[in-house]
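Structure record follows, encoded as structure tokens.
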Amino acid sequence: MTTLYDAVVLAGGAAKRLGGVDKPAVRVGGRALLDRVLAGCRGAGRTVVVGDRRPTVRPVVWAREEPPGGGPLAALDSGVREVAADAVLVLSADLPFLDEGTGIRLLNALTAASGAGASEAAAPDAAAPAPDAAAPDAALLVDADGRDQPLVAVYRTDVLRRELARLATEHGGLSGLPLRLLTEGLRIVRVTAGPLASFDCDTWEDIAAARARIREHGNVLDEWITAVKAELGIEIDVDTGVLLDLARDAAHGVARPAAPLTTFLVGYAAAKAAAEGADGPEAVAEASRKAAALANRWAAEAERDTDG
């Protein structure tokens, strides 16, 4: 099941705990925090970023809160004016480990709790309401400490607009109002997730922790490949193991410098095949198989000559 949604990313704020730096531009793993969040919501039909304009990894719609620096509710009000879908994924711009699955789980939890059905990705940990319960207005991520995360959430667009308008009327505007006021009047379904989904970077210690984690042995290759693909503007998914095996075979069967040169040539061949209509990942796999077989033949000849 495919459900269309838009996304609003809040990329303003003073970042006082970071000394006032431009937090969305702070890099983790070579990528700006904002770009990491944009990659995590790339399935949105339209993505609105509320904050100062800047180069981004993909096209977005820009908005600015009134007045500038007016806080999260004012920023959210400006952003939601630009969306068109029935549901909107709301995110802060300081989530280094956000992935697309988080938004899908929230979206499916909201639709499932409303009795509209859900896809296979529906969150198994979202509590289902009683059959006669009113449909929820939002699905919020809950962090490891049990705290609601209203800036990692999916809202019904019409309800979000209505609540923001109500708050503006009751308080004479949205500037400076705390975010918690938004969810107090909403029917919410909560979705639990691992600690990384809601990990945000408020301090330099948080930034250091995020940078350290992506360099851990189990994460560094995936993080590096993702960063390279973002830098080069490509989205192809490939079997990393196949390429690593190819590099090993070329290094051992031919010569060590053959490893990077061979993987480059495989990439070039795959790009050429894709330009001619072939499936990208399959083209990489096929080129890798051919090159690996050649490396093995090369090594076998050397072994026969040595034995002879």
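The values are calculated or read from the model by the stated rules, or taken from the named source; none is laboratory data. All of these numbers come straight from a predicted model, not from anything done at the bench. Cβ coordinates were reconstructed from backbone atoms using ideal geometry, including for glycine residues, and neighbour counts include every protein chain displayed. Surface areas here come from the heavy atoms of the whole protein model, side chains and all, with no ligands, DNA or RNA. Shrake-Rupley method; radii C 1.70, N 1.55, O 1.52, S 1.80 Å.
Direction-averaged projected area, Cα convex hull, the stretch 53-113: 5.3 nm², rounded to one decimal. Based on C-alpha pairs under 8 angstrom that are at least 6 apart in sequence, the chain has a relative contact order of 16 percent. Computed on protein heavy atoms with a 1.4 Å probe, the accessible areas place Glu184, Glu231, Glu82, Glu282 in the order Glu231, Glu184, Glu282, Glu82, largest first. Radius of gyration over Kirkwood radius for the stretch 173-308, both on Cα atoms: the Rg/Rh ratio is 1.23.
Straight Cα distances below 13 angstrom link Lys229 to the aspartates and glutamates Asp35, Asp237, with same-chain residues fewer than 8 positions distant left out. Converting the Cα gyration tensor eigenvalues of the chain into ellipsoid dimensions via √(5λ) gives semi-axes, longest first, of 45, 22, 17 Å.
The distance separating the Cα centre of the stretch 79-111 from that of the stretch 229-257 comes to 33 Å.
Under a Gaussian network description of the chain, with springs only between Cα atoms under 10 Å, the residue in Ala197, Ala113, Ala134 that fluctuates furthest is Ala134. Rolling a 1.4 Å probe over the protein heavy atoms gives the stretch 6-45 an accessible area of 37 Å² per residue. Treating each Cα of the stretch 160-209 as one equal point scatterer and applying the Debye formula with no solvent, the log10 of I(q)/I(0) at q = 0.14, 0.23, 0.28, 0.30 Å⁻¹ comes out as -0.59, -0.87, -1.01, -1.10. Accessible-area rank, largest first, for Glu170, Glu286, Glu223: Glu170, Glu286, Glu223, with all protein chains present and a 1.4 angstrom probe. Normalised Debye scattering of the stretch 258-308 at q = 0.13, 0.27, 0.30 Å⁻¹ gives log10 I(q)/I(0) of -0.38, -0.94, -1.04, counting only Cα atoms as equal scatterers and leaving out solvent.
Surface exposure of the stretch 133-221, expressed per residue as accessible area with a 1.4 Å probe, stands at 50 Å².
Can you work out the PRE-style zone for Arg17? Point 7 Å along Cα to Cβ, and I want the residues of the stretch 165-199 with backbone N under 12 Å. Inside the label zone: 199. Please state the shape class of the stretch 1-42: rounded when a/c is under 1.5, otherwise prolate if a/b exceeds b/c and oblate if not, all from the C-alpha gyration tensor. Here the stretch 1-42 falls in the oblate category. In terms of overall dimensions, the C-alpha atoms belonging to the stretch 12-78 reach 28, 28, 16 Å along their principal axes, ordered largest to smallest. Comparing mean-square fluctuations of Asp86, Asp200, Asp145 from a GNM of the chain with C-alpha springs under 10 Å, the top value falls on Asp145. Per residue, the average separation of C-alpha pairs within less than 8 Å and at least 6 apart gives the stretch 233-301 a relative contact order of 39 percent. How large, in percent, is the carbon and sulfur part of the accessible surface of the chain at a probe radius of 1.4 Å? Answer for the chain: carbon and sulfur cover 54 percent of the accessible area.
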